[in-house]
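First the structure, in the form of structure tokens, and then the observations on it.
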Amino acid sequence: MDQIVADKISQPLANTKKVFVKTYGCQMNVYDSQRMTDALSESGYQSTDTVEDADLVLINTCHIREKAAEKVYSQLGRLRKLKEERALQGKEMMVGVAGCVAQAEGAEIARRAPVVDVIIGPTTYHRLPDAIARARNGERVIETDYAVEDKFEYLPQINREKTLARGVSAFLTVQEGCDKFCTFCVVPYTRGSEVSRPLAQLVEEAKKLVDAGVREVTLLGQNVNAWHGHGPKGEAWGLGDLLYHLSDMPGIERLRYTTSHPRDMDEMLINAHRDLRKLMPYLHLPVQSGSDRILKAMNRRHTAVEYIALIEKIRAVRPDIALSGDFITGFPGETDADFEDTLKLIETVGYASAFSFKYSARPGTPGAEMKDHVPESVKAERLERLQALLMTQQTAFQHSLVGQTVEVLVEKPGRFDNQMVGRSPWLLPVIIDAKDTRIGAIITARITKAGSNSLHAEIA
Ligand code: SAM
Ligand code: SF4
């Protein structure tokens, strides 16, 4: 029912301009793209999925690894051709680059890619409609200063119709930026220092999401568990308090948060996993390496033993919690012995899923200046071994769910007529043999089969 309403509303209106948004990178970029799309819709831009139809193409970029950043320039090469073709037809096509590459390499983009009309960083994207208007008047706009104002105060309110069309599971950014300065990471430079959004703003946005039909809210932050603010009586609050508070909000049925730093997992947050039925038993807690020497060189500020002790503490209060992590192979100076320590840590912890990457030297970070860079072939070989181990654990975890009865949040129709797709408590998609199940319902289903990246289930 909700879906039908959404489809009607998303019909293009006559004379509106169209924007095509391409998003790279993390969930925070997905959230930012949604907010930029909403802001542009107030200036008359309707979303399109077809780049050839677009009057404005916006690329929201990621700078975390070299490969991600390089994609932007190849994409801009293709857009240059498209813009030329459009010009021959007497049509306008503007190009904007947003996100972390815009922030880190604004001047370089302007030099290398004359096709770009607007370059806008992650802290200033509330100025995008204005920037587009200025660019349409012939100005080449580069907005990469860190904003002093709070962009969330300037962005339009969450749009009900658009939220409805995006589904029953939504992101809510609660914190941005990072003060941790891990030596491999660009985030503190591209996203700036840590800023937590105030409680009242978050509650208001969460209510808007619920009003639009959202049942599951994932709180986002580059370092989400560093969120801090004040409770209703002015008392100091951390992410744990925020979760208890949001868990009382009628309409929210499920809560998640990502990405966390092990140093910021405090008692309150761990207890939230014990107490809150709505907080899903899934935690993404990156460790990066299992070697204390490398953890120190990375400036992670904890040891492998401290990380394992933390996991034990969390599992003691929530034994069914599924753990996920991030790993980097071939950080400068990483020896075979250091790498073996990482494999040992993985074996000790046991992950349900994980993300792993070869170290990528990022300009301006301390890691890039370090000695003893590891050859690419060694990074790749270690990554392969690490991923093989993680895959074994992931497969074992998924197979351990077969036969279990679990609650599934129904999200959308499946590929085949008699199927719906939902989400398990552990984030894994679940394909359910059930035709008429309402989107947004939480149903009880029995897992019948584990696929490579999804589960199959029947109504219990
Ligand atoms: N804040 C999170 C934390 O502390 O773990 C991580 C956020 S970062 C955007 C996502 C992941 O990208 C990191 O956990 C790390 O594994 C990976 N990453 C960051 N910089 C990297 C680099 N220079 N090379 C390879 N992987 C990198
Ligand atoms: Fe980057 Fe995360 Fe470290 Fe911050 S805590 S510098 S976001 S890896």
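Each residue in segment 61-99 was checked for being among the polar types (S, T, N, Q) and under 21 Å from residue 16 (Cβ atoms), and 1 of them qualify. Scanning segment 375-382 for residues that are in a strand (DSSP E or B), surrounded by fewer than 18 Cβ atoms within 10 Å (Cβ to Cβ) and polar (S, T, N, Q) turns up nothing. Taking segment 280-304 as the range and being without any contact (Cβ under 8 Å) to a residue 12 or more places away in the chain and either surrounded by fewer than 23 Cβ atoms within 10 Å (Cβ to Cβ) or farther than 19 Å from residue 324 by Cβ (or both) as the test, the residues that pass are 296, 303. Looking across segment 334-357, just one residue is farther than 12 Å from residue 287 by Cα, buried (at least 21 other Cβ atoms within 10 Å of the Cβ) and within 20 Å of the chain's Cα centre (by Cα), and that is 352. If the condition is being in contact with a Leu (Cβ under 7 Å, 6 or more places away or on another chain) and not charged (D, E, K, R), then segment 245-264 contributes 246, 247, 252, 255, 257, 258, 260, 262. If the condition is being under 19 Å from residue 220 (Cα atoms), part of a helix (DSSP H, G or I) and not basic (Lys, Arg), then segment 150-174 contributes 152, 153, 163. Considered as a group, the residues in segment 346-368 that are more than 8 Å from ligand 1 (Cβ to nearest atom) and polar (S, T, N, Q) include one that is nearest to residue 327 (Cα to Cα), and that residue is 353. Return the residue satisfying two criteria in turn: it lies in segment 249-266 and is assigned to a loop (DSSP other than H, G, I, E, B) and more than 9 Å from ligand 1 (Cβ to nearest atom), and of such residues it is surrounded by the fewest Cβ atoms within 10 Å (Cβ to Cβ). Step by step, filter segment 249-266, then rank; the result is 250. Restricting the first residue to segment 349-376 and requiring it to be within 16 Å of ligand 2 (Cβ to nearest atom), which pairs with a second residue that is of a type in the set (S, T, N, Q) and assigned to a loop (DSSP other than H, G, I, E, B) meet a Cβ separation below 6 Å and a spacing of at least six or different chains? Final answer for the pair search is 366/183; 367/183. The set of residues in segment 144-183 that are of a type in the set (D, E, K, R) and either away from ligand 2 (no atom under 16 Å from the Cβ) or without any contact (Cβ under 8 Å) to a residue 24 or more places away in the chain (or both) comprises 145, 149, 150, 151, 153, 160, 161, 162, 166. When you scan segment 274-298, how many residues do you find that are in contact with a helix residue (DSSP H, G or I) (Cβ under 9 Å, 6 or more places away or on another chain) and within 10 Å of ligand 1 (Cβ to nearest atom)? Residues in segment 274-298 being in contact with a helix residue (DSSP H, G or I) (Cβ under 9 Å, 6 or more places away or on another chain) and within 10 Å of ligand 1 (Cβ to nearest atom): 6 in total.
Annotation note: of 210, 224, 217, the sole residue that is at pLDDT 95 or above and surrounded by fewer than 22 Cβ atoms within 10 Å (Cβ to Cβ) is 210. On inspection, residue 328 passes the criterion of being touching a strand residue (DSSP E or B) at 6+ places or on another chain (Cβ under 7 Å) and within 11 Å of ligand 1 (Cβ to nearest atom). Of the candidates 81, 67, 71, 22, the single residue that is farther than 30 Å from residue 177 by Cα and among the basic types (Lys, Arg) is 81.
The values are calculated or read from the model by the stated rules, or taken from the named source; none is laboratory data. All values derive from a computational prediction rather than experimental measurement. All Cβ positions, even for glycine, are placed from backbone atoms using ideal geometry, and neighbour counts span all protein chains on display.
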